[in-house]
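Undergrad: Dropping a structure here in structure tokens format, bear with me for questions.
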Amino acid sequence: MNGQNGHKSVLVIGGGIAGIQASLDLANMGFKVYLVEKSPSIGGRMAQLDKTFPTNDCAMCILAPRMIEANSHSNIDLYTYSEVEDVSGEVSDFKVKIKRNSPFVDWSKCTGCGLCEEGCPVILPKEFDQGLGKRKAIFIPFPQAVPKKYTVDKREERPCKAACMDACPAHTNVLGYIKLIAEGEFQEAYKLIRDTNPLPASVGRVCYAPCEEACNRGQIDEPMAIRDLKRFAADQVNIEELEVPTVTKTDKKVAIVGSGPAGLAAANDLALKGHDVTIFEALPESGGMLRVGIPEYRLPKEILRKEIGYIQKLGVEIRTGVQVGKDIALEEIRGNYDALFIAAGAHGGMRLRMEGEELPGVIEGIRFLRAVNLGEKVEVGKKTAVIGGGNTAVDCARTAKRLGAEEVKIVYRRSRSEMPASAEETAAVEEEGIPIEFLTTPTRFFPGNGKLARMECVKMKLGEPDASGRPRPIPIEGSEFTTSVDTVIAALGQAPETEFVKEFGVSLSKRGMIEIDPETGATNIEGVFAGGDVVTGPAFVIDAIAAGKRAAHSIDRHLKGEPIEVKEEGKEPEKLSEEEVEDRKKRFPSQKRVRLRDEPIGERIKDFREVSLGYTVEEAIEEASRCLAGQIEGCIECHECAKRCEANAIAYTMQDEHIEIDVGAIILATGLDLYDVSPLTEYGYGKIKNVVTAIEFERLTAASGPTFGELKRPSDGKIPHAIAFIQCVGSRDFKHKAYCSSVCCMHATKEAILAYEHHPGTKSTIFYMDLRAVGKRFQEYVTRAKEEYNVTYIRSRPGRVAVNPENQNPIVWYEDTTTTETKNMEVDLVVLCQAMTPRGSKELAEMLGIELNEYGFVEVPDKLSHPVDSTRPGIFACGYVHSPRDIPDSVTQGSGAAARAAEVIAGGS
Amino acid sequence: MNLEDIIQETKTYYCLECGKCSSLCPISRYDPQYSPRVMVENALLGLEDEIVYNKKLFSCLTCYTCQLKCPSDVDYPLFIQKARVLATAAGQHGDYAHSGTLQSIAMLMARSPLKQNRLEWLKKDGYRTSEKSDVMLFIGCSPYFEPVFEDIPMRTLNIAEASLKVLNSLGIEPLVHPDERCCGHDALWMGDVETFKKLAEHNATVIKESGVKKVIFFCPECYRTFKLDYPNYVKLDCEVMHISELLAQRLETEGLRFNEVKRKVTYQDPCRLGRHLGIYDAPRKVLQAIPGIELVEMEHNREESICCGTSCFTNCDSYSKQIRVERLLEAKATGAETLITSCPKCQTHFRCAMVNKGEEKGPDIEIELMDLVNLVATSLGG
């Protein structure tokens, strides 16, 4: 004999009740035990049961203390989520290789708090509930799991690079919310978006969607319609009825200048941290450029109002009509608040600087939009020209059209490919009958009757690139021409108006924009932060939101007196390599992007109704199902869990671990599998909704089950008042499993009693072959079922379950073998007592070199003298893998196997 | 052979008396007192008279529904077949439909020599047959059934004609033998082993002398009999095949050029072809290969198909009728225009149910009926 400790230790395979019993017995004798369990928790089948027969004790109440004891016993090394890979050697000196599957969570850090699970967007069938309930990709198998540690169910590599999330300035969890939409979980999708973006409905309409440009699906066929899906998710939610979270208040006050996207995003995050937030807004309405810069037909005011309303419900106060620097001094604000965030935007227009600019009829684009958006009376002439090529120019032109201008055109000095407006917007404007005159710019305006009458333009050609990188437009000499025009809208750009911060000492750039540390949002003055257009000049909504969030993070740390550290941001969006693109093309069939439908052109230009109609539920699910990340089973690596985990326990790069141990003996206790009953087509399982298996029924009665212990039938949630239990489904059947599964007579009796206890009066019928009530107090249990719980036993094996199409009631056909009459019985629910088979015995038997009987149970050569010994010395078996048996028998056998193993390892000394 | 031998041979002693057979039996559903389980139980109890003199012994459709699901794997249809031999020996028989005409025809055919005019139908069209062919098309009783079921109206020869047409379009010029006889299926299943033996021996001789290597059947009963029963009595040195199998095989190897037939159809699995021989896919493959055909399944299909209600033209009663009505209603519920089957007898029985509705206002069970080969012939022809 060799080895040292190996002699005194035992490997137990399987953490069900038999394995736990054997482990504890051996550990208490002072031997070292390695308990290996394949799933992330011990507990086995017993954990799934509601009650145990014949005492009707709560299964978990008996089991849980044993599980905890096994986990905390100093002599037991518990390896869950692990598998035995190889066994060599012989009795007293086995060498065992164990593979510890990576849970992708550092279990030494995980506290089992469950924050990760809440955010996980991947919904999978819950094994513990036989698929009747759902779990997330990061999960614990059941609430009482031991160890209470989370596991990431990661099965495949994500087929894309999640470039969308890196491209998004706010790093919205795009993968996650698209997955949730594909799963039909729209509310959850909205919540997930709102975590990084407090204005999903607005952004879902107006975002420039850099995510879509980066989307890796775009390399395969077409990018995902990410923005439209965001809008869809937001439109499924009644924002006004959203729950408002309760937050613990700090006593800190923050002032924000400007209620645009940057100010609102910062206010939202700060309010959620418990700070008091007041926003000062110069305009009569809140929302900044979202409110006054974007026309109603792109973003209905009502939607924005609701989103701002929710932020107000979080405790944010918005004082509109208060212009800082005029109505109130910045200094005064600073004195009354603990921190200040300046997000005043860029509301100043740019001048044309040319003759006739002051004429009535010439108006700045941004002023024009603001006036229209604030409901002021704005008149446009019959002939309107819009100068500029950006989104504002397009917005102005389409707005002018809707205000009744007969001829609207856009005049732009470069060519189509240089237009800053999005291709989508450009297409829309042309669809609406608004031409764009490229390579043209105005030079002068001429009056007539005291107002604008004509405009002189010059044709341009493109020259060398200028500072912006675009080719410089150069006037073509002598190409001047004049056209008659009533209104000119000059949409040349916007600039921040930062006069009011000057005297306060905030440092400004040469171009008049506030200078900040781009990573923290801090200005040169302590406690004063800035972000959004006032810092960057005119940019996009989502950039402003990102800036607001970044500043809020810094402000929160500042208020807590913590050093302002830079929040970890994403990396550059990555592309799929050429090989990867080819591979994905092979794996995933090409599928066209689902396009949004618009209001018909003729109708929509009549008023300011929203142009885009949004997705229907079917369209949204179809589009969401295209996402490459969603093509895989299990975790999609959106890293939401990592973001939420306060213990920093998520470890995506964790590898499987392989360990080797020496043991003197091995106990096999892998338990049972449930026999697939679908080949027994006569019972309609899988086809008739109200036909369930006994283990499913067990989950439907258990408090930890999918219905929280309310016994309801699957088809319509109705309470089943008449239940039929069919015994021997697959057992005692030459065509399936010829043996008796041993426990069904009794568990059916127990389940019938439970049904009655859930709903007194329930009528249960148990169709049995021979009632095998062989155990202490079992016969009395059956008698009680008959006498006290309205249970009838009929000796017959039904041959057919039909269905009443009107109420989905199953109809059981059977021969009453006492009267020899063939009958049928309509019930509310049919419970099939399916056969049970030894679990994993085939693979393990090969590895362990033991023999199995014809049904796969462990072969026991000497059933009378050595009833737990396999065909190989030093290897023992207990529980269902040994032979069909109930819990008390399994426990007894567990102790038996432990005793035999102890005999071996203590032997001879 | 006595009852004990039958029990041994069919392993009825495994019976657990669970009654699953009864609850599956199409007869028991309408005749609650008909219990296959009791029949077996009586045998196990040695109550021979309860079996031999039981009129319901001849009610069993031998459809194999019970056998396929019996947990003890008892071959009840075989048990019935053997028990009927005992009953026949005791002078018992079932209630013959059509005044026993069809039984008489079989018995007449068992006489040798016999002058038959089996080939008259071949004369009218341009069918190609060959006396020297390797392949024989077995026609069976079709020429005899033709006049019997004229009033339903069921044209059994139509199926024979279509089968020949189909074989011709596959490039096969088969032998159609002038002196083949009834396959003996009904005689065997009714317990008349003597008649069956004579017919089997005659057919075996005829086939051997003709030198064919393959016999094609369009009737699943003939096919089953040749494939499963003949080997127990005679030596047959040739391959046997149902025409749907041949078509499916051709589809796979060479493909078939079908013309479009726009029709929504459903398919009745004949018990001999389906449950007896396990051929469910071949006819479906053929149907699905025809452009324009939309195949919709009835609620009970394949193994679970409901029988056409009568076997061997015996004990055809009100229960048989109810089974047919149930099946035809299932067919109608699919929304199919046509109920396709590949057994002439299924079709005969369904037609009978539709014609003999009587005076009572029953449910609407009218549906177009057609044999698979007729559909294929239409689609291949042109």
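Undergrad: In degrees from 0 to 90, rounded to the nearest 10, what is the angle of the helix B:344-355 Cα long axis to the longest principal axis of chain B?
TA: 80
Undergrad: Then there's this: For chain B, which whole percent of the accessible surface, found with a 1.4 angstrom probe, sits on carbon and sulfur atoms?
TA: 48
Undergrad: Do you know which residues of region B:36-82 lose at least 40 square angstrom of accessible area in the protein assembly compared with their chain on its own, with a 1.4 angstrom probe?
TA: When all protein chains are present, B:37, B:69, B:71 each give up 40 Å² or more of accessible surface.
Undergrad: Mind jotting down a quarter of the surface of the convex hull over the alpha carbons of region A:351-495, in square nanometres, one decimal?
TA: Dividing the Cα hull surface by four gives the mean projection, 8.7 nm².
Undergrad: Okay, next question. Just the number, please: buried accessible area between B and A, total of both chains, 1.4 angstrom probe, nearest 100 square angstrom.
TA: Numbers: alone 16490 and 39030 Å², together 53350 Å².
So the total buried area for this chain pair works out to about 2200 Å².
Undergrad: Something else now. Suppose we compare each residue of region B:1-28 in its chain alone and in the full protein complex with a 1.4 Å probe; which ones drop by at least 10 Å² of accessible area?
TA: Checking the loss per residue gives B:14, B:16, B:17, B:18, B:19, B:20, B:22, B:23, B:24, B:28.
Undergrad: Rounded, prolate or oblate for region A:676-836? Axes are the square roots of the Cα gyration tensor eigenvalues, ordered a ≥ b ≥ c, and the cut-off for rounded is a/c under 1.5. All intermediate terms of the calculation are to be shown ahead of the outcome.
TA: Working: a/c = 1.28, a/b = 1.05, b/c = 1.23.
Cα axes put region A:676-836 in the rounded bin.
Undergrad: Then there's this: Ordering B:144, B:223 from largest to smallest accessible area (1.4 angstrom probe), what's the sequence?
TA: B:144, B:223
Undergrad: R0 = 56 Å: FRET efficiency of residue A:903 with residue B:303, Cβ-based, nearest 0.05? Provide the component values of the computation, followed by the final result.
TA: On the way: r = 52 Å, r/R0 = 0.93.
Plugging the Cβ-Cβ distance into 1/(1 + (r/R0)^6) gives 0.60.
Undergrad: Which of the residues in region B:304-336 show a loss of at least 20 Å² in accessible area from their chain by itself to the complete set of protein chains, at a probe of 1.4 Å?
TA: B:304
Undergrad: Same structure, new question: Could you state the accessible area per residue of region A:602-710 in Å², with a 1.4 Å probe and every protein chain left in place?
TA: 42
Undergrad: Right, something else. Between residue B:112 and residue A:327, how many nm apart are label points set 7 Å from Cα along the C-beta direction?
TA: 11.6
Undergrad: Starting from the Cα gyration tensor of region B:58-111, take the square roots of the eigenvalues, sort them a ≥ b ≥ c, and report rounded, prolate or oblate (rounded when a/c is under 1.5, otherwise prolate if a/b is larger than b/c, else oblate).
TA: Note, shape of region B:58-111 comes out prolate.
Undergrad: Right, here's the next one. What percentage of the solvent-accessible surface of region A:291-366, computed with a 1.4 Å probe over protein heavy atoms, is contributed by carbon and sulfur atoms?
TA: With neighbouring chains kept in place, the figure for region A:291-366 is 44 percent.
Undergrad: Per the Debye formula with a single identical scatterer at each Cα and no solvent contribution, what log10 I(q)/I(0) holds for region A:578-631 at q = 0.18, 0.20, 0.27 Å⁻¹?
TA: So the normalised log intensities are -0.71, -0.78, -1.04.
Undergrad: With an 8 Å cut-off on Cα pairs and a minimum separation of 6 or more residues, tell me the relative contact order of chain A in percent.
TA: Result for chain A is 16 percent.
Undergrad: If I ignore ligands, DNA and RNA and count only protein heavy atoms, how much of residue A:865 is accessible to a 1.4 Å probe, in Å² to the nearest 10?
TA: Roll a 1.4 Å probe over it and residue A:865 shows about 80 Å².
Undergrad: Would you kindly state how much longer the chain becomes between residue A:655 and residue A:678 on full extension, computed as 0.36 nm times their sequence separation minus their alpha carbon distance, in nm to one decimal?
TA: Extra length available between residue A:655 and residue A:678 comes to 4.5 nm.
Undergrad: For region A:660-747, with all protein chains present and a 1.4 Å probe, just round the carbon and sulfur fraction of the accessible area to a whole percent.
TA: Summing carbon and sulfur atoms, their accessible area is 54 percent of the total for region A:660-747.
Undergrad: Continuing with this model, one more query. Under a 1.4 Å probe, what is the accessible area of region B:97-245 per residue, stated in Å²?
TA: 44
Undergrad: For chain B, modelled as a Gaussian network with Cα springs under 10 Å, which listed residue fluctuates most, B:179, B:31, B:371?
TA: Result: B:31 has the largest fluctuation of those listed.
Undergrad: Next question. With each label point set 7 Å from Cα along the Cα-Cβ vector, what nm distance links residue A:578 and residue B:253?
TA: Rounded to a tenth, the inter-label distance reads 4.7 nm.
Undergrad: Can you give the Rg/Rh ratio of region A:367-423, where Rg is from the C-alpha atoms and Rh is the Kirkwood radius?
TA: Numbers: Rg = 11.7 Å, Rh = 11.8 Å.
Rg/Rh for region A:367-423 comes to 0.99.
Undergrad: To the nearest 10 Å², what's residue A:134's accessible area with a 1.4 Å probe?
TA: Taking all protein chains as shown, residue A:134 has close to 140 Å².
Undergrad: Let me ask something else. With a 1.4 Å probe and all protein chains kept in place, how much accessible area does residue A:887 have, in Å² rounded to the nearest 10?
TA: The accessible area comes out at roughly 40 Å².
Undergrad: While we're looking at this one, here's another question. Under a 10 Å cutoff between Cα atoms, tell me which one of B:214, B:82, B:165 has the largest fluctuation in the Gaussian network model of chain B.
TA: B:214
Undergrad: Could you give me D for region B:167-282, from Stokes-Einstein at 25 °C and 0.890 mPa s, where the hydrodynamic radius is the Kirkwood radius over C-alpha pairs? Units µm² s⁻¹, please. Kindly include the intermediate steps, with their values, before the conclusion.
TA: Values: Rh = 15.7 Å.
Calculated translational D: 156 µm²/s.
Undergrad: Taking the Cβ of residue A:845 as the center, what net charge do the other residues with Cβ under 11 Å away carry, scoring Lys and Arg +1 and Asp and Glu -1? Write down the numbers at each step before the final one.
TA: On the way: positive: A:842, A:872; negative: A:843, A:846, A:851, A:859.
Taking every Cβ under 11 Å from that of residue A:845, the sum is -2.
Undergrad: Ok, one more. Any idea what the relative contact order of region A:725-814 is, in percent, if you count C-alpha pairs under 8 Å spaced at least 6 apart?
TA: Rounded, it is 26 percent for region A:725-814.
Undergrad: Working from Cα positions, state the angle (0 to 90°, nearest 10) between the long axis of helix A:226-235 and the longest principal axis of chain A.
TA: Its long axis makes an angle of about 80 degrees.
Undergrad: Mean 1/r over all different Cα pairs, inverted: what Kirkwood radius does the protein assembly as shown give, in Å?
TA: Final number for the Kirkwood radius of the protein assembly as shown is 38.1 Å.
Undergrad: Given the options B:131, B:209, B:180, which has the most mean-square fluctuation in a GNM of chain B, springs set between C-alpha atoms less than 10 angstrom apart?
TA: Largest GNM mean-square fluctuation: B:209.
Undergrad: HN-Hα J couplings of region B:174-187 from phi, Karplus 6.51/-1.76/1.60, θ = phi - 60°, integer Hz, Gly and Pro as x?
TA: x, 7, 10, 7, x, 10, 6, 10, 3, 5, x, 3, 5, 4
Undergrad: On C-alpha positions alone, give me the angle between the axis of helix A:541-559 and the longest principal axis of chain A, in degrees, nearest 10.
TA: That works out to roughly 70 degrees.
Undergrad: Determine ³J(HN,Hα), in whole Hz, for all residues of region A:30-39 in sequence, where each value follows from phi through the Karplus function 6.51 cos²θ - 1.76 cosθ + 1.60 and θ = phi - 60°; x replaces Gly and Pro.
TA: These are the phi-based 3J(HN,Hα) values: x, 8, 7, 10, 9, 9, 10, 10, 6, 7 Hz.
Undergrad: Pairs of Cα atoms under 8 Å, at least six residues apart: use those to get the relative contact order of region A:676-836, whole percent.
TA: Here the relative contact order equals 30 percent.
Undergrad: Show B:98, A:553 ordered by accessible area, largest first, where the area counts protein heavy atoms only and the probe is 1.4 Å.
TA: In descending accessible area the options line up as B:98, A:553.
Undergrad: Using heavy-atom solvent-accessible surface (probe 1.4 Å) with all chains present, what is the largest-first order of A:842, A:95?
TA: I get A:842, A:95, largest accessible area first.
Undergrad: While we're on this one: Can you give me the distance in nm between label points at residue A:482 and residue A:454, each placed 7 Å from the Cα along the Cα-to-Cβ direction?
TA: Once both label points are built, they end up 0.2 nm from each other.
Undergrad: Which value, in Å², gives the accessible area per residue of region B:3-89 when a 1.4 Å probe is used on the protein heavy atoms?
TA: On the way: 2940 Å² over 87 residues.
In whole numbers, region B:3-89 has 34 Å² accessible per residue.
The values are calculated or read from the model by the stated rules, or taken from the named source; none is laboratory data. Only a predicted model underlies this, so the values are computations on that prediction, with no experimental measurement involved. Backbone-built Cβ (ideal geometry, glycine too); neighbour counts: all protein chains shown. For the accessible areas, the whole protein counts, side chains as well, though only heavy atoms, and no ligand, DNA or RNA atoms are used. Shrake-Rupley method; radii C 1.70, N 1.55, O 1.52, S 1.80 Å.
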